[in-house]
Amino acid sequence: MLELETIRETFENHTPIGESWTHHYAVILPLVDLDDGKGPQILYEVRAKDLDRQPGEICFPGGQIEDGETPLQAALRETCEELGICPEDIETAGEVITIGTRAGSQIHCFAGIISAETFAGMEVSAAEVAEVFTVPVEDLMKADWEVYWNDLEEVPAEDFPYDRVTSGEAYKWKKGRAPVPVFDVNGWIIWGLTGRMTREFLEVIKWEE
C-alpha cells in the first residue's frame, strides 16, 4: 500500500517541468560580447532548409528534453550538439520564460553567456543549422515591435461527455488570444516563439535597469 512517506520522499526529489502529457523542450538564448563596441549581442540560428520541422526559420539552440534530464541540462546538451559549445563554456544567467504552446508543448528558455573566444571556436552542425547571426541587444531594444493577437477557440471533442460535467452542453468554453510578435531588426525577421522569448528577455533586463 502506498504510504505518505513514499509520497513525501518522491516530491523531495521531484523537479516539475510541466504536465506529463505535453512535449517538453528547452532552449538557450545565447549572449556574447564580441568586443566590437556594440555591447552584448544575442546569437540566433537559421534552421537548415532540409529539416522536417520549421526549416529555414530563425530560432535559438535547443530541443526536446529527454528522460532524466532537467530543462537546463537539455538546453545545454542541444546547444552543444548544434553549435559545438560545451556546457562548461556556457554561463547560465537564469531562466527567462516558460511558454506553453497551442500545440501542447512547453518550452523553457534560459539565458546563457558565452565568451568571444568560445563564439569564435564554434563548430556549427550543418545538418541542423544553415547559419548563425548576432544582433546587439541595444538594437533589439530600439526595434519597432509589431504584436499580433491570434484568437483561440476551444473546440470540444465530438464525444465529449457533456452529461457528466457542470452545465452540460450549455457550458461556456472560454476563448483566448495568443501573441505573435513580428519585428525586423538589421534585416532579420524575428517572430513567433523566438520573438516572444526575445521580447521577454528584453522586458526582464529593462525591469532590472
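Ala75 is checked against (1) in contact with a Gly (Cβ under 8 Å, 6 or more places away or on another chain); (2) surrounded by fewer than 17 Cβ atoms within 10 Å (Cβ to Cβ); (3) among the aliphatic types (A, V, I, L, M); (4) not in a strand (DSSP E or B) and fails just one. What number does that condition carry?
(2)
Show the residue pairs meeting these rules: Cβ distance below 7 Å; 6+ apart or different chains; first residue within segment 122-136 and under 14 Å from Gly84 (Cβ atoms); second residue acidic (Asp, Glu).
Ser125/Glu81; Ser125/Glu82; Glu128/Glu82; Val129/Glu45; Val129/Glu82; Val132/Glu45
Give the residues of segment 21-61 that are farther than 17 Å from Glu95 by Cα and among the hydroxyl-bearing types (Ser, Thr, Tyr), sorted by residue number.
Within segment 21-61, Thr22, Tyr44 qualify.
Quick check on segment 158-168. Is at least one of its residues in a loop (DSSP other than H, G, I, E, B), at pLDDT 90 or above and either hydrophobic (A, V, I, L, M, F, W, C) or within 21 Å of Val96 (Cα to Cα) (or both)?
Within segment 158-168 (the criterion being in a loop (DSSP other than H, G, I, E, B), at pLDDT 90 or above and either hydrophobic (A, V, I, L, M, F, W, C) or within 21 Å of Val96 (Cα to Cα) (or both)), the answer is yes, since at least one residue qualifies.
Name the residue that is modelled with the lowest pLDDT, counting only residues in segment 171-209 that are surrounded by fewer than 18 Cβ atoms within 10 Å (Cβ to Cβ), among the β-branched types (Val, Ile, Thr) and in a helix (DSSP H, G or I).
Ranking the qualifying residues of segment 171-209, first place goes to Ile205.
Does segment 25-48 include one or more residues that are loosely packed, with under 10 Cβ neighbours inside 10 Å, part of a loop (DSSP other than H, G, I, E, B) and of a type in the set (Lys, Arg)?
The answer is no; no qualifying residue exists.
Test Thr101 against the criterion of being touching a strand residue (DSSP E or B) at 6+ places or on another chain (Cβ under 9 Å) and surrounded by 18 or more Cβ atoms within 10 Å (Cβ to Cβ), and give yes or no.
So Thr101 fails the test.
Does segment 152-204 hold any residues that are of a type in the set (A, V, I, L, M) and either closer than 27 Å to Arg47 by Cα or in contact with an Asp or Glu (Cβ under 6 Å, 6 or more places away or on another chain) (or both), and which are they?
In the first step, residues of segment 152-204 are kept if they are of a type in the set (A, V, I, L, M); the result is 152, 155, 157, 165, 170, 178, 180, 182, 185, 189-190, 193, 197, 202, 204.
Ala178, Val180, Val182, Val185, Ile189, Ile190, Leu193, Met197, Leu202, Val204, listed by residue number.
Would you mind stating whether Asn150 is within 30 Å of Glu81 (Cα to Cα), polar (S, T, N, Q) and surrounded by fewer than 14 Cβ atoms within 10 Å (Cβ to Cβ)? It would help to see each step written out before you state the result.
On the way: within 30 Å of Glu81 (Cα to Cα): no; polar (S, T, N, Q): yes; surrounded by fewer than 14 Cβ atoms within 10 Å (Cβ to Cβ): yes.
Answer is no for this residue.
What single numbered condition from (1) exposed (fewer than 13 other Cβ atoms within 10 Å of the Cβ); (2) at pLDDT 95 or above fails to hold for Ile58?
All conditions are met except number (1).
Could you check, for segment 146-155, whether at least one of its residues is among the charged types (D, E, K, R), under 27 Å from Lys49 (Cβ atoms) and free of Cβ contacts under 8 Å to residues at least 40 places away in the same chain?
Here is the first cut: in segment 146-155, the ones among the charged types (D, E, K, R) are 146, 151, 153-154.
Subset that is under 27 Å from Lys49 (Cβ atoms): 146.
Filter once more, keeping what is free of Cβ contacts under 8 Å to residues at least 40 places away in the same chain: 146.
So far as segment 146-155 goes, yes, one or more of its residues are among the charged types (D, E, K, R), under 27 Å from Lys49 (Cβ atoms) and free of Cβ contacts under 8 Å to residues at least 40 places away in the same chain.
If I ask for residues that are more than 22 Å from Ile205 (Cα to Cα) and not charged (D, E, K, R), which ones from segment 37-57 would you list?
Val46, Ala48, Leu51, Gln54, Pro55, Gly56
The values are calculated or read from the model by the stated rules, or taken from the named source; none is laboratory data. The shown structure was predicted, so the numbers you read here are calculated from the model rather than taken from an experiment. Because the Cβ atoms are built from the backbone with ideal geometry, glycine has one as well, and the counts that use them run over all protein chains shown.
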